[in-house]
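A.B. asks: The structure's right below; bear with me while I get my questions together.
The values are calculated or read from the model by the stated rules, or taken from the named source; none is laboratory data. Worth saying up front: this structure is predicted, and the values here are computed from it rather than measured. No Cβ is skipped: glycine too gets one built from the backbone with ideal geometry, and neighbour counts run over all protein chains shown. These area figures cover heavy atoms from the full protein model, side chains too; ligands, DNA and RNA do not enter into them. Shrake-Rupley method; radii C 1.70, N 1.55, O 1.52, S 1.80 Å.
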Amino acid sequence: MDFDYAHYMLTEARKGKENPAAISSPSREAYRKQLAEALNMNRTRILAFKNKPPTPTETIPNEFASAAAHQAKPSKPRRHIPQTSERTLDAPDIVDDYYLNLLDWGSSNVLSIALGNTVYMWDASNGATSELVTIDEENGPVTSVRWAPDGRYIAVGLNNSEVQLWDSTANRLLRTLRGGHGSRVGALDWNNHILTTGGMDGQIINNDVRVRAHIVETYRGHHQEVCGLKWSASGQQLASGGNDNLLHVWDRSMASSNSPTQWLHRLEEHTAAVKALAWCPFQGNLLASGGGGGDRCIKFWNTHTGVCLNSVDTGSQVCALLWNKNERELLSSHGFTQNQLTLWKYPSMVKTAELTGHTSRVLFMVQSPDGCTVASAAGDETLRFWNVFGTPEVAKPAPKTNSQPFAHLNNIR
């Protein structure tokens with residue numbers, strides 16, 4: 001008998017193996033809510049600035065540092081990586097659940113975050129905060145958020161198995177996708193006009209948001225919750241990770257609307273849940289994946305052949321992965337014991353920096369549209385911004401793009 005799976009099915013949801021058991025009771029929860037209301041904690045702290053972090057103390061005296069600089073051979077100037085977060089915002093009521101995806105940064109430079117039943121938007125260009133939607137108690141909490149490529153439309157996954165599609169500019173609900181999943185939707189990703197959803201039921205569904213009968217493909221390969229979903233830049237391959245320790249790679253050319261699609265690769269080397277997934281920006285068939293607390297490894301895959309190219313034990317739960325768009329570097333976020341962000345040089349996997357400040361596991365991590373700033377959200381109810389990938393280059397005028405497949409979303413029935 002598979003005791004791990006039996007335990008998962010009995011405990012479900014937030015009691016998954018990657019989520020430590022919380023000590024709670026009805027009276028404790030009631031007291032917490034009463035206290036929060038009395039102190040008006042639920043509204044005043046939302047995405048509010050905390051005090052600026054202290055200036056790091058100098059570890060090397062100036063005279064030694066300058067002497068060492070004179071002796072060094074002339075080379076490309078080394079990028080300074082600040083060890084502390086650039087700014088910190090409050091994120092009260094963020095759900096501390098490894099299997100969810102509650103943070104995203106859209107191409108229009110607006111960051112979205114789900115806090116409990118509410119989705120908030122934070123405009124990085126001016127610091128303005130707004131509320132997109134608050135979901136009813138019986139349908140919440142929000143379990144995933146994902147901006148469409150155009151940065152205007154946003155998908156919101158719910159605990160009740162539905163997915164809502166919102167126009168953030170008009171603050172209007174366009175449609176609700178129903179009937180696909182049997183339980184909460186914790187993972188989302190876009191591929192042009194296709195919204196791919198992953199559920200606790202183990203299903204992965206491709207939804208064409210332009211048509212009434214939105215379910216166009218179903219991928220079945222996971223037998224526990226799908227917690228990671230990422231399309232490759234080409235839109236040809238989809239990577240999916242689950243609480244069943246499995247990593248699948250699916251190919252669009254093998255898709256079928258009549259029957260469940262067969263995976264291209266089923267990769268079983270991880271020994272814990274696979275949530276962290278990142279496609280390499282400079283090598284199209286290179287995928288990085290991270291395992292949960294019982295695995296702790298970052299693995300690299302050739303998705304054409306299914307071969308594991310390298311595996312690195314990080315020493316702690318891997319929650320998220322991001323590639324640097326400008327350098328050959330990978331950033332990982334972690335849980336117990338350090339709750340840190342680690343920057344790695346690729347392919348040597350030498351640690352370049354370790355960024356600390358969070359006091360609980362760093363569950364969610366996204367990067368700005370220019371690729372330079374990283375936002376991280378943790379169970380400590382803070383959202384931190386790190387200038388880890390350098391300063392943005394002078395922007396070049398962007399070519400005009402066709403806004404079509406979303407041009408007709410307002411007419412969706």
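A.B. asks: Along the charge dipole of the range 193-318, pointing to its positive end and built from +1/-1 on Cβ of Lys, Arg, Asp and Glu, which listed residue (Gly235, Gly292, Thr314) has its Cα farthest out?
C.D. replies: It is Gly235.
A.B. asks: From the phi of every residue in the range 186-192, what ³J(HN,Hα) in whole Hz does the Karplus formula 6.51 cos²θ - 1.76 cosθ + 1.60 yield, where θ is phi - 60° and glycine or proline is x?
C.D. replies: Each residue's phi maps through the Karplus curve to give x, 9, 9, 7, 9, 9, 6 Hz.
A.B. asks: Collect residues whose amide H, placed 1.01 Å from N in the peptide plane, falls under 5 Å from the amide H of Asn310; neighbours closer than 5 in sequence don't count.
C.D. replies: Phe300
A.B. asks: Using Cα pairs closer than 8 Å and at least 6 residues apart in sequence, work out the relative contact order for the range 129-226, in percent.
C.D. replies: Relative contact order of the range 129-226: 18 percent.
A.B. asks: Hey, can you find the accessible area per residue of the range 311-380 for me, probe 1.4 Å, expressed in square angstrom?
C.D. replies: 32 Å²
A.B. asks: Could you pull out every residue, at least 5 positions away or on a different chain, whose amide H is within less than 5 Å of the one on Arg87? Hs are placed 1.01 Å off N in the peptide plane, and Pro or chain starts have none.
C.D. replies: For Arg87, the qualifying residues are Phe385.
A.B. asks: Suppose every Lys and Arg Cβ carries +1 and every Asp and Glu Cβ carries -1, with no other charges. What dipole size does the range 114-210 come out with about its Cα centre, to the nearest 20 debye?
C.D. replies: Taking the Cα centre of the range 114-210 as origin, the dipole is about 220 debye.
A.B. asks: Mind listing the long-range amide H neighbours of Glu329? Cut-off is under 5 Å, sequence gap 5 or more, other chains count too, H placed in the peptide plane at 1.01 Å from N.
C.D. replies: Hits under the 5 Å cutoff: Asn324, Tyr346.
A.B. asks: Run the accessible area of the range 320-391 with a 1.4 Å probe and give the carbon-and-sulfur part as a rounded percent.
C.D. replies: 48 percent
A.B. asks: Let me spell out the model: positive unit charges on the Cβ of Lys and Arg, negative unit charges on the Cβ of Asp and Glu, origin at the Cα centre of the range 269-341. What dipole size does that give, in debye rounded to 20?
C.D. replies: 120 debye
A.B. asks: Also: What accessible area, in Å² to the nearest ten, does a 1.4 Å probe give for Lys17?
C.D. replies: 100 Å²
A.B. asks: Accessible area of the range 120-218 with a 1.4 Å probe: how many percent of it is carbon plus sulfur?
C.D. replies: That fraction is 42 percent.
A.B. asks: Here is a further query. So if R0 is 30 Å, what FRET efficiency would Lys345 and Gln262 give, r being the distance between their Cβ atoms, rounded to the nearest 0.05?
C.D. replies: With R0 = 30 Å, the Cβ-Cβ based efficiency is 0.25.
A.B. asks: A further question on this structure: Mind listing the phi-derived Karplus ³J(HN,Hα) values for the range 368-378, rounded to whole Hz, using 6.51, -1.76 and 1.60 with θ = phi - 60°, and x for any glycine or proline?
C.D. replies: For the range 368-378, the Karplus-derived couplings read 5, x, 7, x, 9, 9, 10, 9, 10, 10, 9 Hz, x marking Gly and Pro.
A.B. asks: Still on this model: Compute the length gained on full extension between Thr391 and Asp208: take 0.36 nm times their separation in residues and subtract their Cα-Cα distance, giving the result in nm to one decimal.
C.D. replies: Computed gain between Thr391 and Asp208 is 62.2 nm.
A.B. asks: Excluding ligands, DNA and RNA, what is the solvent-accessible area per residue of the range 160-252 at a probe of 1.4 Å, expressed in Å²?
C.D. replies: Spelled out: the 1.4 Å probe surface of the range 160-252, per residue, equals 31 Å².
A.B. asks: Per 0.36 nm of contour for each residue apart, how much would the distance between His80 and Ser253 grow if the chain were fully extended, relative to their Cα-Cα spacing?
C.D. replies: 57.9 nm
A.B. asks: Per residue and in cubic angstrom, what volume does the convex hull of the Cα atoms of the range 169-238 have?
C.D. replies: 107 Å³
A.B. asks: Would you mind getting me the FRET efficiency between Ala128 and Leu174? Use the beta-carbon distance for r and R0 = 25 Å, nearest 0.05.
C.D. replies: Result of the calculation: an efficiency of 0.65.
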